[in-house]
Structure formats: structure tokens, C-alpha cells
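Read through the structure below, which is laid out as C-alpha cells, and then see the notes.
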Amino acid sequence: LKNYHRYNLEIYKNMMMFKNGYYTFYAPVATAMLKNDIKDDASLKEVEKLSLDIGLIYSIQDDYMDCFV
């Protein structure tokens, strides 16, 4: 039995946050920042937000191409 009614944008965003946002985009940038002594919480939080947004956009494009291209 498929539960498509349980699948929505919030669930998709949460899946993509962990699928692409953190390890593909945030982790490499945060690692480079920490290696270069950029350790303030405000900068890391801003980069985290931007990375998760980029990860979501990447995921949407990739999933669209998987379905329709």
C-alpha cells in the first residue's frame, strides 16, 4: 500500500536537508571555514542556512531530471 497522502513538501525538505544539504554542501564549507579559523557561530549558521537552501534546490532539480529528462 502506497501512502502518497503522507508525502508533502515539509517531509521532502527534511529528507533533502540530510540527503544533500549537510554532507554535500554544508560540511565541506564549514570544514574549510574552521580550518581557516572562521569559527563564529553567526557565520557558521548563515553558511548552514545557505547550504541547506542550495541542497534543496539541487535536490529538486536532480529529482525533476530523474523523472522527466
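The values are calculated or read from the model by the stated rules, or taken from the named source; none is laboratory data. Because the structure is predicted, anything quoted here is derived from the model rather than measured. Glycine also receives a Cβ, built like all others from the backbone with ideal geometry; neighbour counts cover every protein chain displayed. Note: areas computed on protein heavy atoms with side chains; ligands, DNA, RNA excluded. Shrake-Rupley method; radii C 1.70, N 1.55, O 1.52, S 1.80 Å.
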Need the failing condition index for G55 against (1) farther than 17 Å from M16 by Cα; (2) modelled with pLDDT under 95; (3) within 16 Å of the chain's Cα centre (by Cα); (4) not β-branched (V, I, T), just the number.
(1)
Positions within the range 29-48 being part of a helix (DSSP H, G or I) and surrounded by 12 or more Cβ atoms within 10 Å (Cβ to Cβ), in sequence order:
V29, A30, M33, S43, L44, V47, E48
Being modelled with pLDDT under 90 and either open to solvent by less than 50 Å² (accessible area, probe 1.4 Å) or part of a helix (DSSP H, G or I) (or both) narrows it down to one of Y64, Y22, Y12, Y26, so name that one.
Y12
